[in-house]
Amino acid sequence: MSAYAVIANDSIQTLGTWMVSNKNVKWYWLATYASLGLILTIGLGWIINNGDIRYGT
C-alpha cells in the first residue's frame, strides 16, 4: 500500500528530476539530503500526532 502511494504521488519521478538537475553534486549528498527530509517529515508527524505519522487524515 505504501509503495503504491509513493508511486501514485509521482514523488519518485520528482526526486529523479531533482537529482538529474543537480548533476554537479555527488549522488550520495543528494541521497543524504532526500533521506534526511523524509526522516524529519515522518519524525515530526510521529511526534506531533502521538505516534501516528498521518497529518490530520
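The values are calculated or read from the model by the stated rules, or taken from the named source; none is laboratory data. Source: prediction; values computed, not measured. Because the Cβ atoms are built from the backbone with ideal geometry, glycine has one as well, and the counts that use them run over all protein chains shown.
Among residues that are more than 10 Å from the chain's Cα centre (by Cα), at pLDDT below 85 and on the phi < 0 side of the Ramachandran plot, TYR55 is included. Residues of segment 11-30 that are surrounded by 11 or more Cβ atoms within 10 Å (Cβ to Cβ) and either modelled with pLDDT of 85 or more or outside any helix (DSSP H, G or I) (or both): ASN22, VAL25, LEU30. Contact map, segment 31-44: residues that are in contact (Cβ under 8 Å) with a residue 12 or more places away in the chain and surrounded by 11 or more Cβ atoms within 10 Å (Cβ to Cβ) paired with residues that are in a helix (DSSP H, G or I) and not β-branched (Val, Ile, Thr), Cβ distance under 7 Å, separation 6+ or inter-chain. Pairs shown: ALA34/LEU15.
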